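The values are calculated or read from the model by the stated rules, or taken from the named source; none is laboratory data. Everything quoted here is computed from the prediction, not taken from an experiment. Cβ placement follows ideal geometry from the backbone for every residue including glycine, while neighbour counts extend to all protein chains displayed. Ligands, DNA and RNA are stripped out before the accessible areas are found, and what is left, the full protein with its side chains, is counted by its heavy atoms. Shrake-Rupley method; radii C 1.70, N 1.55, O 1.52, S 1.80 Å.
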Amino acid sequence: MDSSMRERLLKLSTTNVSDALDALGYKGSTYGVRPMYEGVGKIAGSAVTVKMTAAGETKGKVHLGIRAIEAAQPGDIVVVDNGGRLDTSCWGGILANGAHLKGISGVVIDGACRDVDDYVEIGFPVYARGAVVATARGRIMEESTNTMIQFGGVQVRPGDAVLADRSGVVFIPAEHLEEVVAKAEGLWAKEEAMVADLRAGMSSLEVDQKYNYEKMLQK
């Protein structure tokens with residue numbers, strides 16, 4: 001993702017993008033993932049994916065997350081598929097420090113993290129389903145890096161676009177990025193005009209009739 005596209009995404013909200021995905025018939029909206037501390041900034045970037053699996057007789061070959069950090073470019077976002085598990089962490093303070101020093105924009109986790117105070121200390125954005133104290137050791141291990149995963153039922157591939165803010169996380173298929181962002185920008189502009197008319201004295205009913213809100217998501 002180039003800097004101009006990242007800047008366009010950062011001007012939008014996840015709800016703008018979610019609406020655009022719906023209007024265009026693409027899947028990418030998730031639920032239940034939130035910033036892990038107050039003041040986490042909005043992040044946008046390309047996905048570097050990590051898939052976790054249960055620990056067992058087959059042993060992991062590398063500390064989970066390390067390969068994703070090494071593969072990532074500055075501005076990328078690490079996307080962790082831990083199947084929504086809340087009983088064990090899959091991201092912690094050492095990983096966050098490594099990612100932060102590499103210039104990674106943040107991490108989004110379908111599961112839980114730990115060491116939240118470490119993220120606050122360095123200002124590293126982490127989005128997850130929750131926080132837990134339990135270590136990943138002996139509970140989960142990394143299955144693969146930079147392969148196709150799912151995140152809350154959404155297919156995510158390396159290089160797909162990620163946008164996260166206080167409302168949640170959305171993913172945009174890389175081949176549809178320009179189309180989705182352009183649609184989201186149009187929806188954002190219309191919503192801004194609606195708010196401006198409300199503040200100028202128009203009633204909610206008048207604004208709704210003027211902009212035909214219920215049909216805004218039609219192609």
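Tabulated data
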quantity: Selection within the range 52-82 - farther than 16 Å from ALA112 by Cβ and not in a loop (DSSP other than H, G, I, E, B); calculated: ILE66, ARG67, ALA68, ILE69, GLU70, ALA71, ILE77
quantity: ILE69 of a type in the set (Val, Ile, Thr), on the phi < 0 side of the Ramachandran plot and open to solvent by 40 Å² or more (accessible area, probe 1.4 Å); calculated: no
quantity: Some residue of the range 118-134 being of a type in the set (Lys, Arg), at pLDDT 95 or above and out of contact with any Ser or Thr (no Cβ under 8 Å at 6 or more places or on another chain); calculated: yes
quantity: Within the range 82-108, tally of residues that are under 20 Å from MET1 (Cβ atoms) and crowded, with 18+ Cβ neighbours inside 10 Å; calculated: 7
quantity: Among (1) in a strand (DSSP E or B); (2) over 18 Å from the mean Cα position of the chain (by Cα); (3) buried (at least 17 other Cβ atoms within 10 Å of the Cβ) - the single one LYS183 does not satisfy; calculated: (1)
quantity: Single residue of the range 1-14 satisfying the filter (under 14 Å from the mean Cα position of the chain (by Cα) and closer than 13 Å to GLU185 by Cβ) that is surrounded by the most Cβ atoms within 10 Å (Cβ to Cβ); calculated: LEU9
quantity: Residues of the range 42-64 classified as modelled with pLDDT under 95 and either within 15 Å of ALA96 (Cα to Cα) or touching a helix residue (DSSP H, G or I) at 6+ places or on another chain (Cβ under 9 Å) (or both), total; calculated: 2
quantity: All positions within the range 21-50 that are small (Gly, Ala, Ser), open to solvent by less than 20 Å² (accessible area, probe 1.4 Å) and over 12 Å from the mean Cα position of the chain (by Cα); calculated: ALA23
quantity: Output for the range 83-128, where each listed residue is more than 19 Å from GLU142 (Cα to Cα), touching a strand residue (DSSP E or B) at 6+ places or on another chain (Cβ under 8 Å) and part of a helix (DSSP H, G or I); calculated: VAL116, TYR119
quantity: Hits in the range 191-205 - residues which are in a helix (DSSP H, G or I) and surrounded by fewer than 14 Cβ atoms within 10 Å (Cβ to Cβ); calculated: GLU192, ALA193, VAL195, ALA196, LEU198, ARG199, SER204, LEU205
quantity: Close pairs (6 angstrom Cβ cut-off, 6 or more residues apart or separate chains): outside any helix (DSSP H, G or I) in the range 1-16, open to solvent by 50 Å² or more (accessible area, probe 1.4 Å) anywhere; calculated: LEU12/TRP188
quantity: Search result, residues across the range 135-168 that are under 18 Å from ALA112 (Cα atoms), open to solvent by less than 20 Å² (accessible area, probe 1.4 Å) and not in a strand (DSSP E or B); calculated: ALA136
quantity: Any pair with Cβ under 7 angstrom, 6 or more apart, that starts in the range 119-145 at a residue that is in contact (Cβ under 8 Å) with a residue 12 or more places away in the chain and ends at one that is surrounded by fewer than 21 Cβ atoms within 10 Å (Cβ to Cβ) and acidic (Asp, Glu); calculated: VAL132/ASP87; ALA134/ASP87
